[in-house]
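One structure below.
The values are calculated or read from the model by the stated rules, or taken from the named source; none is laboratory data. These numbers were taken from a predicted model, which means no experiment stands behind them. Note that we place each Cβ from the backbone using ideal geometry, even for glycine, and neighbour counts take in every protein chain shown.
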Amino acid sequence: MRYCIFFAYDGTAYHGWQLQPNAPTVQQELEHALQTTLRTEISVTGAGRTDTGVHARMMACHFDYEEELDCVHLAFKLNCLLPPDIAVSEIKPVAPDWHARFSAVSRTYHYYIITRKDAFLHPYALRLYFPLDVEQMNEAAAILLEHKDFGCFCKSHSDNKTNICNVTEAQWTLREDGILRFRITANRFLRNMVRAIVGTLIEVGKGKMTVAEFRQVLLSGKRTEAGESVPAKGLFLEEILYPRQGSECK
């Protein structure tokens with residue numbers, strides 16, 4: 001039988017989601033907790049990869065197990081074993097061909113910026129010391145929906161088979177508490193893509209790049225034309241959507 005797990009994590013202490021030699025990862029912690037509980041070798045497949053220091057309010061993975069499981073009890077046991085910065089919210093059976101990565105319809109990321117010192121938010125947001133033109137940043141962000149090739153925002157020497165992504169939402173919102181949030185949704189993301197987009201849009205907000213120049217960055221396809229990537233700490237994988245069919249995850 002195949003099962004999916006929905007969970008969240010604070011990525012501060014981890015070198016990303018995926019297993020790595022000699023470095024702590026979220027996948028390593030989750031697999032260890034599953035193997036300890038089920039007393040057998042378990043390998044999980046994640047919905048994607050998050051880089052070192054990136055957080056997830058919603059992440060998904062799947063694993064196969066021969067016997068029928070009490071999903072509520074398993075979730076409870078995993079939460080007892082997992083460190084405090086990883087929390088399982090739900091486990092449920094899915095169709096045998098359901099795939100945490102390839103069955104996903106879309107993924108949404110949020111990036112947070114603060115312009116004042118905050119003792120509680122500083123680990124989870126980028127602090128800037130200058131004002132930003134949010135209107136210009138949103139005008140530039142809207143251009144992302146017109147393009148498919150995002151090679152200019154992809155980390156150099158990545159092993160992507162294609163740079164094509166379908167971005168359906170990209171918008172900055174200045175909240176009442178003064179926090180600036182960027183929300184972007186796409187069917188898939190390239191490695192380092194969101195952090196590179198945010199860094200380049202900040203250049204627009206600072207007035208160092210025009211909206212027209214931002215468009216040219218996209219057309220160039222060159223990473224060297226885009227802005228610097230922002231720190232990982234402000235980035236959250238916010239949501240993953242799956243089709244609502246039969247025993248599919250929600």
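When the criteria are applied in full, GLU139 meets the requirement of being under 18 Å from GLY227 (Cβ atoms), of a type outside the set (A, V, I, L, M, F, W, C), surrounded by fewer than 17 Cβ atoms within 10 Å (Cβ to Cβ) and in contact with a helix residue (DSSP H, G or I) (Cβ under 8 Å, 6 or more places away or on another chain).
Remark: ILE184 matches the filter, which requires a residue to be closer than 21 Å to PHE150 by Cα and in contact (Cβ under 8 Å) with a residue 60 or more places away in the chain. Between residues in segment 8-32 that are in the same structural domain as ILE42 (by TED's automatic domain parsing) and residues that are β-branched (Val, Ile, Thr) and part of a strand (DSSP E or B), which pairs lie under 6 Å by C-beta distance while being six or more apart or on different chains? What qualifies is TYR9/ILE86; GLU29/ILE86. Residues that are among the aromatic types (Phe, Trp, Tyr) and touching a Lys or Arg at 6+ places or on another chain (Cβ under 9 Å) number at least 1 in the following strands (runs of 3 or more DSSP E) confined to segment 1-107: 2-9, 55-64. So for segment 50-67 (the condition being surrounded by 15 or more Cβ atoms within 10 Å (Cβ to Cβ) and without any contact (Cβ under 8 Å) to a residue 40 or more places away in the chain), does at least one residue qualify? No, because not a single residue in segment 50-67 is surrounded by 15 or more Cβ atoms within 10 Å (Cβ to Cβ) and without any contact (Cβ under 8 Å) to a residue 40 or more places away in the chain. So ALA100 passes all but one of these: (1) within 23 Å of TYR14 (Cα to Cα); (2) touching a helix residue (DSSP H, G or I) at 6+ places or on another chain (Cβ under 6 Å). Which condition number does it fail? For ALA100, the failing item is (2). For segment 19-45, a residue qualifies if it is modelled with pLDDT of 95 or more and either at positive phi or polar (S, T, N, Q) (or both), and the qualifying residues are THR25, GLN27, GLN28, GLN35, THR36, THR37, ARG39, THR40, SER43, THR45.
So is TYR14 closer than 22 Å to LYS233 by Cα, modelled with pLDDT of 95 or more, of a type outside the set (D, E, K, R) and surrounded by 16 or more Cβ atoms within 10 Å (Cβ to Cβ) or not?
On the way: closer than 22 Å to LYS233 by Cα: yes; modelled with pLDDT of 95 or more: yes; of a type outside the set (D, E, K, R): yes; surrounded by 16 or more Cβ atoms within 10 Å (Cβ to Cβ): yes.
Answer is yes for this residue.
Within 17 Å of the chain's Cα centre (by Cα), modelled with pLDDT of 95 or more and among the aromatic types (Phe, Trp, Tyr), is that true of TYR3? No; evaluated as a whole, the condition is false for this residue.
Residues being more than 22 Å from the chain's Cα centre (by Cα), free of Cβ contacts under 8 Å to residues at least 12 places away in the same chain and surrounded by 12 or more Cβ atoms within 10 Å (Cβ to Cβ) are represented in segment 116-131 by at least one member.
Mind listing whichever residues of segment 146-181 are without any contact (Cβ under 8 Å) to a residue 12 or more places away in the chain and either in a loop (DSSP other than H, G, I, E, B) or of a type in the set (A, V, I, L, M, F, W, C) (or both)? Once the filter is applied, which keeps residues that are without any contact (Cβ under 8 Å) to a residue 12 or more places away in the chain and either in a loop (DSSP other than H, G, I, E, B) or of a type in the set (A, V, I, L, M, F, W, C) (or both), segment 146-181 yields HIS157, ASP159, LYS161, THR162, ARG175, GLU176, ASP177.
Sort out which residues of segment 119-141 are out of contact with any strand residue (DSSP E or B) (no Cβ under 8 Å at 6 or more places or on another chain) and either under 14 Å from ALA170 (Cα atoms) or not aromatic (Phe, Trp, Tyr) (or both), and write them in order of number.
Keep residues of segment 119-141 that are out of contact with any strand residue (DSSP E or B) (no Cβ under 8 Å at 6 or more places or on another chain), which gives 119-120, 123, 129-131, 133, 135-136, 139-140.
Listed by number, the residues that qualify are ALA119, PRO123, PRO131, ASP133, GLU135, GLN136, GLU139, ALA140.
Would you call ILE184 outside any loop (DSSP other than H, G, I, E, B), of a type in the set (Val, Ile, Thr) and in contact with an Asp or Glu (Cβ under 9 Å, 6 or more places away or on another chain)? Please lay out each step first, then the result.
On the way: outside any loop (DSSP other than H, G, I, E, B): yes; of a type in the set (Val, Ile, Thr): yes; in contact with an Asp or Glu (Cβ under 9 Å, 6 or more places away or on another chain): yes.
Considered against the rule, which asks whether it is outside any loop (DSSP other than H, G, I, E, B), of a type in the set (Val, Ile, Thr) and in contact with an Asp or Glu (Cβ under 9 Å, 6 or more places away or on another chain), ILE184 comes out as yes.
When you check LEU30 against the structure, is it buried (at least 19 other Cβ atoms within 10 Å of the Cβ) and in contact with a helix residue (DSSP H, G or I) (Cβ under 6 Å, 6 or more places away or on another chain), yes or no? Spelling it out, it is not the case that LEU30 is buried (at least 19 other Cβ atoms within 10 Å of the Cβ) and in contact with a helix residue (DSSP H, G or I) (Cβ under 6 Å, 6 or more places away or on another chain).
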